[in-house]
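*Asks:* First the structure, then my questions, so here it is.
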Amino acid sequence: MTDHIYGTRYEKQNESTDTDHKQSGDRSPMSWDTADIHRYEQSIALKIPGYAHMHDLMDKLLTASIADNNDISVLIAGAGGGKEITLLGKVHPDWRLIGIDTSQPMLKLAEKRAEEAGMINQVKLLPVTIEQLPEGQVYDGATSMLMLHFIRGLEAKKSFLLHLAKRLRPRAPLIIAAVNADLHSPAYPVMMRAWKEHMLQAGVLAEEWERFATSLSQSSDPVSAETLVSLLTECGFSRITRYFGAFWVEGYYAIRD
């Protein structure tokens, strides 16, 4: 998560540094092992309107979908930084949270946040990709927040989602958020100008905006919302519903068939 949205979690999971799943496709030059994680932590909420709201809704959807029992395990794909871990751990002290990420610095930050929140005993953090998780272990739900656009290529994205589906129980929920943008859409420049205005008014520096905007096409590989829905369907998910939107950032709820 350097410029997070453009330099965020999927680079964490599958590159030797960032992307958990990039081993299935081209690798981004951005490295979460050298990223300024503290700068990311300070700036991401300024960049995405409703960032906290997006995560709060993530929790609400998981809560509404997962049966209330004493043996719940949730997979956090791209857990570096600890945002989802600490939010879910606080609200659901009986849930077991398994976070995966291949960026050691980001995992260290997640571990630090979990310890400070007093929830380290319910958290397990693993420096692995989704493919490296034992196939016999299945989870009651999963999240993948702001990382899919860092997986380069449709086949690599599909591989990630297929492996994620294999590790979920039937009818288990997936909450996934990503930058979903058609770079050739007539609306693209308008949306980017509006997003720039939002960031500058929120206190993001102009040069940081420029890095952010440039990285959208250079360090990440976003797809359109229609393509994402098609990928989710093809990979075994249904009831796909958009629950959040802010400029090009979208959040979706889906159920494993």
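The values are calculated or read from the model by the stated rules, or taken from the named source; none is laboratory data. Remember, it's a predicted structure, so these values are computed and weren't measured experimentally. Glycine also receives a Cβ, built like all others from the backbone with ideal geometry; neighbour counts cover every protein chain displayed.
*Asks:* Checking the structure you have, find out if any residue of segment 177-193 is buried (at least 19 other Cβ atoms within 10 Å of the Cβ) and in a helix (DSSP H, G or I).
*Replies:* Within segment 177-193 (the criterion being buried (at least 19 other Cβ atoms within 10 Å of the Cβ) and in a helix (DSSP H, G or I)), the answer is no, since none of the residues qualifies.
*Asks:* I need a count of the residues in segment 131-161 that are more than 20 Å from ASP59 (Cα to Cα) and assigned to a loop (DSSP other than H, G, I, E, B).
*Replies:* Number of matching residues: 8.
*Asks:* For segment 101-116, state whether one or more residues are without any contact (Cβ under 8 Å) to a residue 12 or more places away in the chain, farther than 20 Å from LEU146 by Cβ, of a type outside the set (Ser, Thr, Tyr) and exposed (fewer than 15 other Cβ atoms within 10 Å of the Cβ).
*Replies:* There is at least one residue in segment 101-116 that is without any contact (Cβ under 8 Å) to a residue 12 or more places away in the chain, farther than 20 Å from LEU146 by Cβ, of a type outside the set (Ser, Thr, Tyr) and exposed (fewer than 15 other Cβ atoms within 10 Å of the Cβ).
Every residue, every condition in (1) in contact (Cβ under 8 Å) with a residue 60 or more places away in the chain; (2) surrounded by fewer than 24 Cβ atoms within 10 Å (Cβ to Cβ), yes or no:
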{"residue": "ILE76", "(1), (2)": "yes, no"}
{"residue": "GLY81", "(1), (2)": "yes, no"}
{"residue": "TRP95", "(1), (2)": "no, yes"}
{"residue": "LEU133", "(1), (2)": "no, yes"}
{"residue": "GLY136", "(1), (2)": "no, yes"}
{"residue": "LYS158", "(1), (2)": "yes, yes"}
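*Asks:* Follow-up question, since we're still on this one. Determine whether SER144 is within 17 Å of LEU87 (Cβ to Cβ) and either surrounded by 21 or more Cβ atoms within 10 Å (Cβ to Cβ) or over 18 Å from the mean Cα position of the chain (by Cα) (or both).
*Replies:* yes
*Asks:* Taking the stated definitions as given, is LEU164 within 18 Å of THR63 (Cβ to Cβ), at pLDDT 95 or above and either touching a Cys at 6+ places or on another chain (Cβ under 9 Å) or crowded, with 16+ Cβ neighbours inside 10 Å (or both)? First the steps, then the outcome.
*Replies:* Values: within 18 Å of THR63 (Cβ to Cβ): no; at pLDDT 95 or above: yes; either touching a Cys at 6+ places or on another chain (Cβ under 9 Å) or crowded, with 16+ Cβ neighbours inside 10 Å (or both): yes.
Spelling it out, it is not the case that LEU164 is within 18 Å of THR63 (Cβ to Cβ), at pLDDT 95 or above and either touching a Cys at 6+ places or on another chain (Cβ under 9 Å) or crowded, with 16+ Cβ neighbours inside 10 Å (or both).
*Asks:* Follow-up. Restricting the search to segment 144-190, which residues are within 22 Å of ASP101 (Cβ to Cβ) and β-branched (Val, Ile, Thr)?
*Replies:* Those that are within 22 Å of ASP101 (Cβ to Cβ) and β-branched (Val, Ile, Thr): ILE151, ILE175, ILE176, VAL179.
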